[in-house]
1. Do we have ARG472 as surrounded by fewer than 24 Cβ atoms within 10 Å (Cβ to Cβ), outside any helix (DSSP H, G or I), at pLDDT 80 or above and of a type in the set (D, E, K, R) here?
2. Looking at (1) surrounded by 19 or more Cβ atoms within 10 Å (Cβ to Cβ); (2) not in a helix (DSSP H, G or I), find the lone condition where VAL27 falls short.
3. Identify, by number, the condition in (1) within 21 Å of SER564 (Cα to Cα); (2) touching a Lys or Arg at 6+ places or on another chain (Cβ under 6 Å); (3) not polar (S, T, N, Q) that VAL322 doesn't meet.
4. How many residues are surrounded by fewer than 19 Cβ atoms within 10 Å (Cβ to Cβ) and closer than 13 Å to VAL457 by Cβ if we restrict to region 406-420?
5. Please specify each residue of region 158-185 satisfying the condition of being modelled with pLDDT under 90 and either among the aliphatic types (A, V, I, L, M) or open to solvent by 40 Å² or more (accessible area, probe 1.4 Å) (or both).
6. Pull out all pairs, ordered by first then second residue, where Cβ-Cβ is under 9 Å, the residues are six or more apart or on different chains, the first lies in region 16-30 and is at positive phi, and the second is open to solvent by 50 Å² or more (accessible area, probe 1.4 Å).
7. Only one residue in LEU76, LEU147 is modelled with pLDDT of 90 or more and either under 21 Å from PHE184 (Cβ atoms) or assigned to a helix (DSSP H, G or I) (or both). Which one?
8. When you go through LYS291, LYS285 one by one, which is the residue that is in contact with an Asp or Glu (Cβ under 7 Å, 6 or more places away or on another chain), modelled with pLDDT under 85, in a helix (DSSP H, G or I) and open to solvent by 80 Å² or more (accessible area, probe 1.4 Å)?
Amino acid sequence: MAAAAWPELEAAARERRRELSLPGAAVAERVAAGGGRLPAELLALPLLQSLELSGCAALRELGPGLAAALPALHTLVLSGNALGPAGLGAGLGGPLPALRLLDLSGNGLEALPAALGGSAAGPAPEGPAAFPQLRSLNLSGNRLRELGPGLARAAPQLQALLLSGNRLRALPGGLLPPPGPAAFPLLSRLEAADNEVEELGAGIAALTALKSLDVANNQLKELPAALADCPRLKEANFKGNQLRDKRLEKMVNGCQTKAILEYLRAGGRGKGKGESSREEARKKKREKQQKKDDGKQDEVEEASKLLVKVLHVSENPAPLVVKVSPGVRDVRAFIVCCVLKGVNLKPGSALKRFLSAQTKLHEDICEKRTAATIATHDLQLVRGPLTYSVQPPDELKIMPLGRKEIKAKDLLRQLQSEAEEQRKQKKRQNVSGLHKYLQLLDGKDNYPCLVDAEGVVISFPPITNSEKTKIRKETRDLFLEVTSDTSLQICKDVMDTLILKIAELNRFTLENKEDSGSDDESDALCGPVNLNPSQNVQAMNLPLVAEQVRVVDTDGNLKVLYPSKTDLTTVSSLLTVIR
């Protein structure tokens, strides 16, 4: 019997997609026909960065070689299937160096697979970590009874560990390795509600970055005094346990985390009597541990200063909208837009750095504009609503950056002439600069363009945008646009990276003293801004505001909303997004 066809995978290969989502119920019959495993065709998608297949009761194993075939994966969601440790082992048998999010919730796991340090792996192997970038691991809704210390080696950068709805009896239990280098130095969120936890061990204090702990609906009778030794713990949920100390239980039911920790710190009933001598010993231990971890935590806090707040369409009295004409489908089909407010381009070389960063992104992630093209505009000069459409080369008129208004066909002819002249003068075989992108429009009967409410073309991708909306030193608010003829996901990935880069540049500008009138790049090295410490911290924690922009068809039906709740995840380890 011939194997079932997978048109979704054929389309993903043809369109060079970075993201693939397969609805479980729709592919269950094909998965069952393939022996309960993923199809081999999936291994021919090396560009894939995000893969989701959830809710497929027929999926029992990944099949061999998944990790080796998909090295660029940063998101892997396999929730609500029938995967066990053996079924995962074949697919996750090798390292996934770029993986940041792994969701295995709602499967049949009774033990962790070997790749995640499960018991089948034996002693933790020496060598590099299998998941060096893994930030979030969701194991909720399985049948796990214990976790081995191998997880700390496999995923040393873990920030969120979700374990609710399993059969764990002790926490942290075997999760922490023997004394040695600190395990999980960045773990800030630990959820283990709805388990069978009878003991919350004193080892919990070893998780020095822990900010949120959920052990609701377990079988705890006492809380360890060591909880007070978690220096960053802000939120804790102990509801649904049968605590012996009724005063403590009252605090728990009132969600008074701070009061609970103070109570335990002052010798309230936990494990032991809480004599003052023991409290002194714990205090010294706390101080010693906090000093030890300060260096690592400073790095985490530094990263958290890169803040972006998302302003949703529903909260925005005048959201910007982009209408897409059907004609772009055959020319340059994909567009993603966003408004970013609060940039600072005025001091010194800030504007020059901004423009240089955009050029570098075009060379790198945009693959020399062949995968995608970025355009940035001064929002104050943009008149919405905007229309993304196509026009014939002899009708499309634009005022390119630094030039007079010209027809698109004449602009290309002019650029081609300049390119040839430059090539001859420098005796090169290939053209450089803007000229090397001209061939991207070869053979096109119509050219793509972004037009404002006044009928003015403000962008002509992938060539140039307009002098009308040019970024200047005084620009504070940006309209960002990414287009592609390859895929929507590429547009989103490029936009994620662009926003991260702007946030980094903004922080650099705030941290370095520069004369507003200077254009000398060396001025960036003249030391910190002359603010008092409280003003400096406050300035650097002011978030950029990313306003959602809707892209709709001519009938007003939504095509793209950016940033949505799933966007900006690729840069989440470096960017704190307030949604």
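1. yes
2. Of the numbered conditions (1) surrounded by 19 or more Cβ atoms within 10 Å (Cβ to Cβ); (2) not in a helix (DSSP H, G or I), the odd one out for VAL27 is (2).
3. All conditions pass for VAL322, except number (2).
4. Summing the residues that are surrounded by fewer than 19 Cβ atoms within 10 Å (Cβ to Cβ) and closer than 13 Å to VAL457 by Cβ in region 406-420 gives 2.
5. Matches in region 158-185: GLY173, LEU175, LEU176, PRO177, PRO178, PRO179, GLY180, PRO181, ALA182, ALA183.
6. Between residues of region 16-30 that are at positive phi and residues that are open to solvent by 50 Å² or more (accessible area, probe 1.4 Å), the close pairs are ARG16/LEU47.
7. Selected residue: LEU76, the only one of LEU76, LEU147 that is modelled with pLDDT of 90 or more and either under 21 Å from PHE184 (Cβ atoms) or assigned to a helix (DSSP H, G or I) (or both).
8. Just a single option satisfies the conditions, and that option is LYS285.
The values are calculated or read from the model by the stated rules, or taken from the named source; none is laboratory data. What you are looking at is a predicted structure, and each value in this text was computed from that prediction instead of being measured. Because the Cβ atoms are built from the backbone with ideal geometry, glycine has one as well, and the counts that use them run over all protein chains shown. Areas reflect the complete protein model, heavy atoms only, side chains present, ligands, DNA and RNA absent. Shrake-Rupley method; radii C 1.70, N 1.55, O 1.52, S 1.80 Å.
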